[in-house]
Amino acid sequence: MRIGFFGDSFVAGIGDPSGKGWVGRLAEDHGFTAINRGVGGDTSTAVLKRWRAEAEADKPERLVFSFGANDCLLTERKRITVGQVDRLKNAKAIMMAARVHWPVLFISPLPVAGDSAASNRIGEMARQLATVAQINGAAYVNIFDAVNTSDVWRQEALAGDGAHPAEGGYSLVADLVKNHPVWQAWFQG
């Protein structure tokens, strides 16, 4: 099975010296081919603009999306990168368009350990995405709180660039996803 993963630097696995990130670990555990389309710095707006052409070129059998942390960061002018209404519209547009052609799963955005104000906004987005997914019939795995309270995630991220963990943090994310009942039902379905 080929699964396309779209999102930000956390999807790309930035900071993991093994290069696997959570996506590579999940693929190893389940024996599927991961097509990793995580791009550092991507917002929901950027994912919305690029996902369809990349998915059509890659020809995956399923799609997973995880983004939102960059949406909630502040710009140089101290403004939120992508406003709340726009980020939810972007997520809904992706959900509605992608599910026409593929089984789709959304995974909550992940926290930025070195920026508690941004992580609070990211946590709120994770909760709002749960509602958007439920209303639109999309599978959604919310692991934000478990990651945000993880000592491993926090310690590794703060020892690095303040945002991205190393192997332990990405192993945590992979384990949380693979043990989540929504993932299990979606993957086996």
Original post:
What number in nm² do you get for segment 79-167 if you take the convex hull of its Cα atoms and divide its surface by four?
Top reply: 6.4
Original post:
Where the eigenvalues come from the Cα gyration tensor of the chain, what are the semi-axes √(5λ) of the equivalent ellipsoid, largest first, in whole Å?
Top reply: 23, 20, 15
Subject >> Stretchable slack from A117 to K92, in nm (0.36 nm times residue separation minus alpha-carbon distance) >> reply: 6.5 nm
Original post:
Say R0 is 35 Å: what FRET efficiency, to the nearest 0.05, do L158 and F32 get from their beta-carbon distance?
Top reply: 0.60
**OP:** Give the dimensionless ratio obtained when the Cα radius of gyration of segment 1-109 is divided by 2.2 N^0.38 Å.
**Re:** 1.06
**OP:** Averaging sequence separations of C-alpha pairs under 8 Å and six or more residues apart, then dividing by the length of segment 1-58, give the relative contact order as a whole percent.
**Re:** 45
Subject >> Cα centre as origin, Lys/Arg/Asp/Glu Cβ charges: segment 99-174 dipole, Debye >> reply: 360
Subject >> Accessible surface of the chain, 1.4 Å probe, proportion on carbon and sulfur as whole % >> reply: 51
Original post:
Full extension from R79 to D145: what is 0.36 nm times the residue separation minus their Cα-Cα distance, to one decimal in nm?
Top reply: 21.3 nm
Original post:
How would you rank 31-42, 92-103, 169-180, highest first, on the average number of other Cβ atoms within 10 Å across their residues?
Top reply: 169-180, 31-42, 92-103
Original post:
Mean shadow of segment 5-49, computed from the convex hull of its alpha carbons, in nm²?
Top reply: 3.1
Original post:
How large is the accessible surface per residue of segment 1-94, computed with a 1.4 Å probe and reported in Å² as a whole number?
Top reply: 46
Original post:
Which lysines have a Cα less than 23 Å from the Cα of K49, not counting those fewer than 8 places away in the same chain?
Top reply: K59, K89, K92
Original post:
Using alpha carbon coordinates only, what is the Rg to Rh ratio of segment 83-131, with Rh defined as the Kirkwood radius?
Top reply: 1.04
Subject >> C-alpha center-to-center spacing [segment 143-171, segment 41-84] in angstrom >> reply: 21
Original post:
Taking the Cα atoms of segment 131-175 alone, what are Rg (to one decimal) and Dmax (as a whole number) in Å?
Top reply: 13.2, 39
**OP:** Please figure out what share of the DSSP beta bridges in the chain is antiparallel and state it in percent, rounded to the nearest 5.
**Re:** 5
**OP:** With all protein chains present, calculate the accessible area of E54 using a 1.4 Å probe and round the result to the nearest 10 Å².
**Re:** 40
Original post:
What is segment 1-152's relative contact order, in percent, from Cα pairs under 8 angstrom and six or more apart in sequence?
Top reply: 22
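The values are calculated or read from the model by the stated rules, or taken from the named source; none is laboratory data. What you see is a predicted model, and the numbers here were worked out from it, not measured in a lab. Glycine gets a Cβ as well: all are built from the backbone with ideal geometry, and neighbour counts include every protein chain shown. Accessible surface areas use protein heavy atoms only, side chains included; no ligands, DNA or RNA. Shrake-Rupley method; radii C 1.70, N 1.55, O 1.52, S 1.80 Å.
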